[in-house]
Amino acid sequence: MALRRQSIPAPSERGFTLFELVVVVILVGTLVAVASSRLIPYVAQAERVAVARIEGQLRGVLGLEAATLIARGESARLMDLDGVNPMSLVLEAPSTYLGELNAPTRQLLPPRSWHFDTQRRRLVYRAGRGFEGSRSQPVFHEYVVRVVYRDADRDGHFSAAADEFRGVRLTRVNGR
């Protein structure tokens, strides 16, 4: 009966030991935890910059719309901009814009999204986590569009012939 010799694999042919595998998993987990804790503030900062960019774009388009009405000789229509959905005036709305919604259930809206509440006549942004600290409750920013004028004839209404038009404002009315 011939004895079979078992050959021992060379060190270069062996697989990982359980200990080596555990060490690698721990190292990778630690690196991911450190990297993600460093990146989260950058995500919130990028979101704030994106919101500021959209606010600036909306202010610009409102000013352009007012200038267009004045240039066309349609100053009497300037008050049509009061309470308007500014997203309806932009050439291309952000991809996170959900559209015009009638009294939506705010808690169900996705984070980092815009919508226009048709019932309240407000543009609303639902911020993502970390946008304003570490709040557990969702943060909503609401904006209104207001036509600003000096009421020269003191009748409480804008009259293109009598009152001085001063501009159109996109104003943030709250941050909750």
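Condition first: surrounded by 16 or more Cβ atoms within 10 Å (Cβ to Cβ) and of a type outside the set (Asp, Glu). Now tell me which residues in region 113-127 satisfy that.
Correct list: Ser113, Trp114, His115, Phe116, Arg122, Leu123, Val124, Tyr125, Arg126, Ala127.
I'd like the residue in region 82-110 that is modelled with pLDDT under 95 and assigned to a helix (DSSP H, G or I) and, out of all such residues, is surrounded by the most Cβ atoms within 10 Å (Cβ to Cβ).
Arg106
Could you tell me whether any residue of region 123-136 is over 30 Å from Leu39 (Cβ atoms) and of a type in the set (Asp, Glu)?
No: zero hits.
Conditions (1) among the acidic types (Asp, Glu); (2) within 19 Å of the chain's Cα centre (by Cα), marked per residue:
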residue	(1), (2)
Ala93	no, yes
Arg106	no, yes
Pro111	no, yes
Arg129	no, yes
Phe140	no, yes
Asp151	yes, no
Ala162	no, no
Gly167	no, no
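Can you find even one residue in region 65-76 that is in contact with a helix residue (DSSP H, G or I) (Cβ under 8 Å, 6 or more places away or on another chain), within 30 Å of Ala161 (Cα to Cα) and assigned to a loop (DSSP other than H, G, I, E, B)?
no
Please go through region 150-176 and give me each residue that is of a type in the set (A, V, I, L, M, F, W, C) and not in a loop (DSSP other than H, G, I, E, B), ordered by number.
Phe165, Val168, Leu170, Val173
Exactly one of (1) free of Cβ contacts under 8 Å to residues at least 12 places away in the same chain; (2) loosely packed, with under 12 Cβ neighbours inside 10 Å; (3) over 30 Å from Tyr42 (Cβ atoms) is unmet by Ser136. Its number?
(3)
Anything in region 61-106 that is of a type in the set (S, T, N, Q) and out of contact with any strand residue (DSSP E or B) (no Cβ under 9 Å at 6 or more places or on another chain)? List them, or say none.
Across region 61-106, the qualifying residues are Thr68, Ser95, Thr105.
Right, Ala162: of a type in the set (Gly, Ala, Ser) and under 27 Å from Arg48 (Cβ atoms) or not?
Answer is no for this residue.
Which one of Val61, Val22, Val34 is touching a helix residue (DSSP H, G or I) at 6+ places or on another chain (Cβ under 7 Å) and surrounded by 10 or more Cβ atoms within 10 Å (Cβ to Cβ)?
Val61 is the lone residue from the list that is touching a helix residue (DSSP H, G or I) at 6+ places or on another chain (Cβ under 7 Å) and surrounded by 10 or more Cβ atoms within 10 Å (Cβ to Cβ).
With (1) touching a residue at least 12 places away in the same chain (Cβ under 8 Å); (2) hydroxyl-bearing (Ser, Thr, Tyr); (3) closer than 24 Å to Asp151 by Cβ as the list, and Thr68 as the residue in question, which single condition is left unmet?
For Thr68, the exception is condition (1).
Anything in region 139-176 that is within 30 Å of Tyr42 (Cα to Cα) and either among the hydroxyl-bearing types (Ser, Thr, Tyr) or at pLDDT below 90 (or both)? List them, or say none.
Across region 139-176, the qualifying residues are Val139, Tyr143, Thr171, Asn174, Gly175, Arg176.
The values are calculated or read from the model by the stated rules, or taken from the named source; none is laboratory data. Predicted model only: the values in this text are computed from it and were never measured. Neighbour counts are summed over all protein chains in view; Cβ atoms, including those assigned to glycine, are modelled from backbone coordinates with ideal geometry.
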